[in-house]
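A.B. asks: Okay, here's the structure, questions in a sec.
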Amino acid sequence: MTSSGGNKTIAHLDLDSFFVSVERLADRRLNDKPVLVGGTGSRGVVASCSYEARKFGVHSAMPMRMALQLCPNAIVIKGDSSRYTKYSNIITEIIRQEVPLFEKTSIDEFYLDLTGMDKFFGCFKLTSEIRDTIIKETGLPISFGLSINKTVAKVATGEAKPNNRKEVPRGEEIPFLSPLSVQKIPMVGEKTTLMLSRMGIKKIRTLQQMPVQLMEKAMGKNGVVLWKKANGICNAPVIAYHEKKSISLERTFQEDTTHVEKLETLLIAMAENLAFQLRQGNKLTACVTVKVRYSDFNTYTLQKRIPYTANDHQLIAYTKELFEKLYHKRLLVRLVGLRFSHLVGGGHQINMFEDNAEMIRLYQAMDHVRNRFGLNAVKRARTMESTGLGRMNPFNGMPPIILAHRRA
């Protein structure tokens, strides 16, 4: 039989070990070393790992404790979401300028619908030029796969990694997929792999040859979907990307707490972090939402519409105001969170009653230091202990600059 994808041409782009690669831009001494980015607490998981760490069996979403047992010499970095967002936005803009229809499925993964563009450019050449531009502008490694649909393109990207490219010519989808492990099929996890293995299916070739009726009988609708993917059949469309309208941070405590100063300090640190992200993305927010979850798992939120801003001191004040109204004393807290929403594009909005040139220069200087040395390089004295929200460089012993801020 022949695979189905119509006359479409789809490219799948994926940054290689994105968080690790960004960290290596900031510190070249991380190159060629096993690196883990993620949480370090008892509930921490691996968000990204280098290829050097993967050789030991480490993978994303693995508990950090288990990863360190497999790779005890790994360098652990907590990560800096604002830095990753910055690079993701740069890449998004490069793609936006070149392709009219693309889908951003995560911070480091994109699908491009290039249907019809081969008449003018040649889709493989066009995608290669986009990749070259991304590498030139960011210094980050990126791989892509090109095929007739999203499934085959994504598998092709996996085969191209690290930092390479692969095209599956139209009509060659089935022979391309045939020798690969069933684990290469998108959305096939450990449980599905085990189930297929019990059926004697370890290679995609075997799955391709199975009667679809048998797969449906054994696994229901999922069996049919799996059989179609194995045969290169996928009609999923590329969904046009729209920028999200909010950014947020949450923290679940290892032990529930009633320490009100600790809770408020953490929210202030979150406000600092998110405000910096706003300015990096040239965004302003008009709504602040505070979230509190208690030990009984009851969750409460409170929000406030505000004038558009991206200034720390204003957003911190609103955050503290909402928390004071929301927090019920003597109840153990499990989680706190903060969200800025109703985002719009725009630069610094000067409030003639509160801002002055000195304040504007202060924010510009703070952002310059953070861009160069990481989010934790400059912060308010009160948030010194809240290090889990930003980047911790194992080779950089430079202490953060402390801001003595009377109101925060």
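The values are calculated or read from the model by the stated rules, or taken from the named source; none is laboratory data. In this text the structure is predicted, and so the values were computed from the model without any measurement. Neighbour counts are summed over all protein chains in view; Cβ atoms, including those assigned to glycine, are modelled from backbone coordinates with ideal geometry.
A.B. asks: Can you go through T85, T105, T133 and tell me which one is under 28 Å from F176 (Cβ atoms), among the polar types (S, T, N, Q) and out of contact with any Phe, Trp or Tyr (no Cβ under 7 Å at 6 or more places or on another chain)? Give the derivation first.
C.D. replies: Values: T85 fails: under 28 Å from F176 (Cβ atoms); T105 fails: out of contact with any Phe, Trp or Tyr (no Cβ under 7 Å at 6 or more places or on another chain).
Criteria check complete, one pass: T133.
A.B. asks: Within the range 96-131, how many residues turn out to be farther than 26 Å from V22 by Cβ, hydrophobic (A, V, I, L, M, F, W, C) and crowded, with 16+ Cβ neighbours inside 10 Å? Spell out how you get there, then give the answer.
C.D. replies: Filtering the range 96-131 for residues farther than 26 Å from V22 by Cβ gives 100-101, 113-125.
Keeping just the survivors that are hydrophobic (A, V, I, L, M, F, W, C) gives 101, 114, 117, 120-121, 123-124.
Those left that are additionally crowded, with 16+ Cβ neighbours inside 10 Å: 114, 117, 123-124.
Going through the range 96-131 one residue at a time, the tally reaches 4.
Here's the yes/no breakdown for (1) under 14 Å from H313 (Cα atoms); (2) in contact with a helix residue (DSSP H, G or I) (Cβ under 8 Å, 6 or more places away or on another chain); (3) of a type in the set (G, A, S):
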position	(1), (2), (3)
T252	no, no, no
V260	no, no, no
A269	yes, yes, yes
E272	yes, yes, no
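A.B. asks: Going by what's in this entry, would T105 be described as at pLDDT below 95, in contact with a strand residue (DSSP E or B) (Cβ under 7 Å, 6 or more places away or on another chain) and not in a helix (DSSP H, G or I)?
C.D. replies: Details: at pLDDT below 95: yes; in contact with a strand residue (DSSP E or B) (Cβ under 7 Å, 6 or more places away or on another chain): yes; not in a helix (DSSP H, G or I): yes.
Answer is yes for this residue.
Here is a yes/no grid of residues against (1) in a loop (DSSP other than H, G, I, E, B); (2) closer than 19 Å to I142 by Cα; (3) in contact with a Ser or Thr (Cβ under 9 Å, 6 or more places away or on another chain):
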{"site": "F19", "(1), (2), (3)": "no, yes, yes"}
{"site": "D32", "(1), (2), (3)": "yes, yes, yes"}
{"site": "S48", "(1), (2), (3)": "no, yes, yes"}
{"site": "F56", "(1), (2), (3)": "yes, no, no"}
{"site": "Y87", "(1), (2), (3)": "no, yes, yes"}
{"site": "I91", "(1), (2), (3)": "no, yes, yes"}
{"site": "I94", "(1), (2), (3)": "no, yes, yes"}
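A.B. asks: Still on this structure, I have one more. Return only the number of the condition from (1) over 17 Å from I142 (Cβ atoms); (2) surrounded by 13 or more Cβ atoms within 10 Å (Cβ to Cβ) that L25 does not satisfy.
C.D. replies: For L25, the exception is condition (1).
A.B. asks: Please identify the pairs in which a residue from the range 166-191 that is at negative phi and among the aromatic types (F, W, Y) has its Cβ atom under 6 Å from the Cβ atom of a residue that is surrounded by 13 or more Cβ atoms within 10 Å (Cβ to Cβ) and assigned to a loop (DSSP other than H, G, I, E, B), counting only partners at least 6 apart or on another chain.
C.D. replies: From residues that are at negative phi and among the aromatic types (F, W, Y), the pairs are F176/V168.
A.B. asks: Let me ask another. Take L126 and tell me if it is of a type in the set (A, V, I, L, M, F, W, C), over 23 Å from the mean Cα position of the chain (by Cα), in a helix (DSSP H, G or I) and within 27 Å of I91 (Cβ to Cβ). So that I can check it myself, show each step before the final result.
C.D. replies: On the way: of a type in the set (A, V, I, L, M, F, W, C): yes; over 23 Å from the mean Cα position of the chain (by Cα): yes; in a helix (DSSP H, G or I): yes; within 27 Å of I91 (Cβ to Cβ): yes.
So L126 fits the description; yes.
A.B. asks: Output the residues belonging to the range 56-114 that are aromatic (F, W, Y) and in contact with a Gly (Cβ under 7 Å, 6 or more places away or on another chain). Full working, then the answer.
C.D. replies: Taking the range 56-114 and keeping what is aromatic (F, W, Y), we get 56, 84, 87, 102, 110-111.
Residues satisfying the conditions do not exist here.
A.B. asks: Here is a list of conditions, (1) in contact with a Lys or Arg (Cβ under 9 Å, 6 or more places away or on another chain); (2) outside any helix (DSSP H, G or I), and A156 meets all of them except one; can you say which number that is?
C.D. replies: Going through the list (1) in contact with a Lys or Arg (Cβ under 9 Å, 6 or more places away or on another chain); (2) outside any helix (DSSP H, G or I), A156 breaks only (2).
A.B. asks: Checking V76 against (1) over 30 Å from S147 (Cβ atoms); (2) in contact with a strand residue (DSSP E or B) (Cβ under 7 Å, 6 or more places away or on another chain); (3) not in a strand (DSSP E or B), which test does it fail?
C.D. replies: Only one criterion is unmet by V76, namely (3).
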